[in-house]
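The structure under discussion appears below in the form of structure tokens.
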Amino acid sequence: MKKSHRYLIAACIAWAALLFLFQSGDDDSYHSPPPRQQTQQTRPQLNRPDAAIHDNKLHHKPHNGAPSSFPDFSITDRPLMPPDDPLCAQLPGRNSNITLIVKTGATESFSKIPTQLQTILRCVPDVLIFSDMEQTIAGVRVRDSLDTVLDTVKQTSDFDLYRAQRECLVSQADCTRHRDKGKEGWNMDKYKNIHIAEKAYNLRPGRDWYVVIDADTYLFWTSLVSVLGRLDPSGKLFLGSIAHYKDFPFAHGGSGYVMSRGALDDFVGEHPGIGNAYDQRVTEECCGDWMFSKAMIETSNIGVTQAFPTINGDKVWSIPFGPTHWCQPLATMHHVDSEEMSLFWEFEIRKYLRSRSTSNAEANPVLIRDMYVEYFLPKFTDLREDWNNVSEDFIYLNRPPTDNEKWKTVPMERKAKFERLAHVSLENCKAACEKKRGCFQYSYHPEGKCALGKSFKIGYPTRHEEDPAMRQTSGWLSDRIKDWVEKQGECDTIKWPGMKLQQNISTGF
């Protein structure tokens, strides 16, 4: 017999033996391990918010009604964190009476909310997430804020996306891939604000504060708690960053806004069904945050109180560091992507852990100055090509200004001698900044534009042009900036927002 044949026969015999063993394994009396000794184990207690009442949990049971050996899977308003979480256990404000409300949409929720859950929402004790569709994200409930909108209004074209989302058989990303999600989402979003306030008040009655942010808003929790700890929640307070539309001041939604217990007791408590009362009117307006501010003043005579720059709509690259933005606590930033949210979270935690390691009884709020030290100073340079540092306080042109440039363009009759040729070259632009009182930075474009800034900003990269003569360049007067920063010291006196009704000036949390 050939050697190869012997190998083939041996392989067949081995395969038959293995097959016999696998088949005999179906009998539990063979090859089964001895039964494990049942031991009673104590499951670790998870920290649930005190408001996690029946409405906040959806228990999923076996679909066939059969008993299950697994514990019920609960959908909650926030992830359940162990009480010994090193990042949360002693964070100031853990026992605060604040409800944080996150406003999102089904087309963006799975791209933005998971990062918030891992960062800014991680240590917040009471969270409600509202969208335009009932969803769950990793066991966390996302509520439909629009289910109580009047049926007649929900039949309008503003709700085309709302209806399409419910008919989706696969993921929302696939179902809405070919839709104009920006426009359709905006049309639907404006109905949320008033209904969210009404729903949050009814779900969490008696809270001291109700804070609303967007899914792309970064929240510095310690700063927020520090600010609200100085105020009396029984007053009718509506705090935000004021913007204007139709000559009416409103709380900019992307920056976030805060409502006191006293304000919602009046607005919602005294006006049941307030959401439906404005549904039809919203169809004629553009924006939910503007309509909400309108409703607050019309219904309860509560106008928005300026809390800027603590409640802030800037990104870190556009914050105008300097005289107007320095020793104020920073509570929010807007248009923050997932990378930035992770970055800021890590910075905030490092700052908090350092304060604990020095036996500081209270974690100080994040100040705008802290963002300068962390993000501007390490990359500080005199000049950067292919860069826009968002200088926009004084603009010099050799062409007619655009609509956005008109209000900052210096007319010829008001130009000093050193300003008249600022648009001609980078060197002239820098010289104009050096001679201009209060100027910290400049930006030059070879098309004939020089812009100066009364603050110092990080800015952002611009398109790289092959022709060096067409590249935008930005510069900073480093000596002037360093001298100014040194004169400010360490911000020993925090500039708290100049809010009205500061009846409770206690610094305790």
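The values are calculated or read from the model by the stated rules, or taken from the named source; none is laboratory data. On a predicted model such as this, the values are computed, not experimentally measured, just so you know. Using ideal geometry, Cβ is built from the backbone for each residue, glycine included, and neighbour counts are taken over all protein chains shown. The area values use the complete protein model at the heavy-atom level, side chains included, leaving out ligands, DNA and RNA. Shrake-Rupley method; radii C 1.70, N 1.55, O 1.52, S 1.80 Å.
Whenever a residue of region 119-139 is in contact (Cβ under 8 Å) with a residue 60 or more places away in the chain and within 24 Å of Asp208 (Cα to Cα), its partners that are surrounded by fewer than 21 Cβ atoms within 10 Å (Cβ to Cβ) and of a type in the set (Ser, Thr, Tyr), lying with C-beta atoms within less than 7 angstrom and at least six residues away or across chains, give the pairs Thr119/Ser342.
Is it true that Leu128 is assigned to a loop (DSSP other than H, G, I, E, B), under 28 Å from Met259 (Cα atoms), open to solvent by less than 30 Å² (accessible area, probe 1.4 Å) and of a type in the set (A, V, I, L, M)? Please lay out each step first, then the result.
Values: assigned to a loop (DSSP other than H, G, I, E, B): no; under 28 Å from Met259 (Cα atoms): yes; open to solvent by less than 30 Å² (accessible area, probe 1.4 Å): yes; of a type in the set (A, V, I, L, M): yes.
Taking the combined requirement at face value, the residue does not satisfy it.
Across region 273-328, the number of residues qualifying as outside any helix (DSSP H, G or I), without any contact (Cβ under 8 Å) to a residue 24 or more places away in the chain and of a type in the set (A, V, I, L, M, F, W, C) comes to 0. Scan region 210-231 for residues that are farther than 18 Å from Gly254 by Cα and either aliphatic (A, V, I, L, M) or modelled with pLDDT of 95 or more (or both) and the total you get is 4. Screening Leu421 against (1) assigned to a helix (DSSP H, G or I); (2) assigned by the TED database to the domain that holds Tyr460 leaves a single unmet condition, (1). You will find that of Thr324, Thr283, the residue that is closer than 23 Å to Ala200 by Cα, of a type in the set (Val, Ile, Thr) and not assigned by the TED database to the domain that holds Tyr460 is Thr283 and no other. Looking only at region 184-202, residues that are in contact (Cβ under 8 Å) with a residue 60 or more places away in the chain, surrounded by fewer than 24 Cβ atoms within 10 Å (Cβ to Cβ) and of a type in the set (S, T, N, Q) come to 1 in all.
Kindly evaluate Arg141 against the criterion of being within 29 Å of Gly262 (Cα to Cα), among the basic types (Lys, Arg) and open to solvent by less than 50 Å² (accessible area, probe 1.4 Å).
Values: within 29 Å of Gly262 (Cα to Cα): yes; among the basic types (Lys, Arg): yes; open to solvent by less than 50 Å² (accessible area, probe 1.4 Å): yes.
Yes; evaluated as a whole, the condition is true for this residue.
What residue, among those in region 95-107 that are open to solvent by 50 Å² or more (accessible area, probe 1.4 Å) and modelled with pLDDT under 90, is nearest to His335 (Cα to Cα)? Among those residues, the one meeting the criterion is Thr107.
Here region 259-311 is the region considered, the condition is being out of contact with any strand residue (DSSP E or B) (no Cβ under 9 Å at 6 or more places or on another chain) and of a type in the set (Asp, Glu), and the residue that is surrounded by the fewest Cβ atoms within 10 Å (Cβ to Cβ) is Glu284. In the set (1) open to solvent by less than 30 Å² (accessible area, probe 1.4 Å); (2) not assigned by the TED database to the domain that holds Ala243, the condition left unmet by His335 is number (1).
The residue list Pro233, Pro205, Pro249 contains one member that is assigned by the TED database to the domain that holds Glu108, open to solvent by 10 Å² or more (accessible area, probe 1.4 Å) and in a strand (DSSP E or B), which is Pro249. Among the residues of region 441-473, what is the count of those that are over 11 Å from Asn389 (Cβ atoms) and part of a loop (DSSP other than H, G, I, E, B)? Going through region 441-473 one residue at a time, the tally reaches 10. In the condition set (1) modelled with pLDDT of 85 or more; (2) outside any helix (DSSP H, G or I); (3) open to solvent by 80 Å² or more (accessible area, probe 1.4 Å), Glu346 is compliant with all but (2).
Residues of region 144-183 being of a type in the set (Asp, Glu), part of a helix (DSSP H, G or I) and open to solvent by 50 Å² or more (accessible area, probe 1.4 Å), which ones?
Applying the first criterion (of a type in the set (Asp, Glu)) to region 144-183 yields 144, 147, 151, 158, 160, 167, 174, 180.
If we keep only those that are part of a helix (DSSP H, G or I) too, we end up with 151, 158, 160, 174.
Result: Asp151, Asp160, Asp174.
For region 185-193, indicate whether the set of residues that are aliphatic (A, V, I, L, M) and modelled with pLDDT of 95 or more is non-empty. No, there is no match, as no residue in region 185-193 is aliphatic (A, V, I, L, M) and modelled with pLDDT of 95 or more. Is it the case, given these coordinates, that Arg414 is open to solvent by 70 Å² or more (accessible area, probe 1.4 Å), modelled with pLDDT of 85 or more, more than 30 Å from Ser260 (Cβ to Cβ) and among the basic types (Lys, Arg)? Spelling it out, it is not the case that Arg414 is open to solvent by 70 Å² or more (accessible area, probe 1.4 Å), modelled with pLDDT of 85 or more, more than 30 Å from Ser260 (Cβ to Cβ) and among the basic types (Lys, Arg). Is it fair to say Lys199 is in the same structural domain as Arg261 (by the TED database), in a loop (DSSP other than H, G, I, E, B) and touching a strand residue (DSSP E or B) at 6+ places or on another chain (Cβ under 9 Å)? No. Close Cβ contacts (under 7 Å, 6 or more residues apart or on different chains) running from residues in region 416-431 that are under 21 Å from Ser478 (Cα atoms) and of a type in the set (Gly, Ala, Ser) to residues that are assigned to a helix (DSSP H, G or I) and at pLDDT 90 or above comprise Ala422/Asn428; Ala422/Cys429; Ala422/Ala432.
Suppose we filter Ala295, Ala215, Ala277 for residues that are under 22 Å from Gly182 (Cα atoms), aliphatic (A, V, I, L, M) and in the same structural domain as Val124 (by the TED database); which single one remains? First the steps, then the outcome.
Details: Ala295 fails: under 22 Å from Gly182 (Cα atoms); Ala277 fails: under 22 Å from Gly182 (Cα atoms).
Exactly one residue qualifies, and that residue is Ala215.
Out of the residues in region 426-483 that are of a type in the set (A, V, I, L, M) and in contact with a strand residue (DSSP E or B) (Cβ under 9 Å, 6 or more places away or on another chain), state the one that is surrounded by the fewest Cβ atoms within 10 Å (Cβ to Cβ).
Initial filter on region 426-483 (of a type in the set (A, V, I, L, M)): 426, 431-432, 451-452, 458, 469-470, 477, 481.
Still in the running and in contact with a strand residue (DSSP E or B) (Cβ under 9 Å, 6 or more places away or on another chain): 426, 432, 451-452, 458, 470, 477, 481.
Numbers: Leu426: 20, Ala432: 25, Ala451: 27, Leu452: 25, Ile458: 20, Met470: 12, Leu477: 20, Ile481: 20.
By that ranking, first place goes to Met470.
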